[in-house]
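Working notes for the structure below.
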């Protein structure tokens, strides 16, 4: 559960606003030291490492062509024992310093910052958030610090730095990251989230709630589920796209591969889409496939996904590598 303090995209010099009323002065005081921790780590000071974070992220396009990056990190059970835990995220240009925010420093430029309080941690240890930034090369800093108290005179802290490359998907046929999903749940309404809601529910995409898989190693009793979005498709009949998606599986045998099988192509056109679907209104193509793995022998595989826009003739390919083990 999150209580958001600051979450704002900006391309101007960054300034931390006053803490909103939903945060107590004590919570805000817990967050502020994280600014300095991030700046020190960016300057070369050794990062606090009272634990480890496992990071996973994906790239999606927003309506304004700025990129949304939902991410998940996993906290080891028992890593933090004094809650709430303060969390701060800052995005800076690759290799650049992470200067202190504030109007007195005109060089303090970064596209995004986010401060939150982690009230509790789910049983599986996963915490998901998101940030927004334009295409480019970025360093993402995530800092966490548990609550100080009589039992924690020196609160545990972690600062994590993750380089992220964001592609330009503003023109031409493009796709989001291929998300390998642990679970996909379709909810009614297909409401469009505003920025604040999207940061809190980063893997909610127009009524489809996605739980990303933490790895690509599956048992034969599992199902491989992938989901992604197709962008910039040309307009065909009735304000609809004309896009086909092919899914071909290849089994890896040493340094070679052999074709293992494929599924029926997925079609997105005037015949298959709902009547109210409208490219002009900003509706998105959400593609995906569920493949039971019971018939896959143990071994390594490559799923080749080919997306073709029939109206423009453009085509692109993305790969998903995965491993199948015993039941």
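Coordinate-derived values only; no laboratory data. Only a predicted model underlies this, so the values are computations on that prediction, with no experimental measurement involved. Cβ: placed from backbone, ideal geometry, glycine included. Neighbour counts: every protein chain shown.
Take the alpha carbon gyration tensor of the chain, find the square roots of its eigenvalues, order them as a ≥ b ≥ c, and report rounded if a/c is under 1.5; if not, report prolate when a/b exceeds b/c, else oblate. Because a/c hits 1.5 or more and a/b exceeds b/c, the chain counts as prolate. If R0 is taken as 35 Å, the Cβ-Cβ distance between residue 135 and residue 248 corresponds to a FRET efficiency of 0.75. Relative to the 2.2 N^0.38 Å rule of thumb, the range 174-325 has a C-alpha radius of gyration ratio of 1.12. Counted over the range 217-281 with a bin width of 5 Å, the fraction of Cα pairs per bin, in whole percents, is 4, 13, 18, 18, 14, 11, 9, 8, 4, 1. Take each peptide in 291-301, 85-95, 175-185, count the other Cβ atoms within 10 Å of every residue, and average; sorted highest first, the result is 85-95, 175-185, 291-301.
Note on residue 29 and residue 154: with the Förster distance fixed at 22 Å, the Cβ-Cβ geometry gives a FRET efficiency of about 0.85.
Taking label positions 7 Å along the Cα-Cβ direction at both residue 119 and residue 237, the computed distance is 5.2 nm, reported to one decimal. If one computes the Cα centroid of the range 271-327 and of the range 191-258, what distance in Å separates the two points? Centre-to-centre distance over Cα atoms comes out at 6 Å.
The helix-only estimate of mean residue ellipticity at 222 nm for the chain, built from DSSP H runs of length n ≥ 4 each weighted as -39500 (n - 2.57), is -2000 deg cm²/dmol after division by the residue total.
You can think of it this way: the chain between residue 171 and residue 321 has 51.3 nm of extra reach, that is 0.36 nm per residue less the Cα-Cα gap.
A Förster radius of 35 Å combined with the Cβ-Cβ distance from residue 65 to residue 40 puts the calculated FRET efficiency at roughly 0.55.
Summarising the label geometry, the points placed 7 Å from Cα in the beta-carbon direction at residue 195 and residue 214 lie 3.2 nm from one another.
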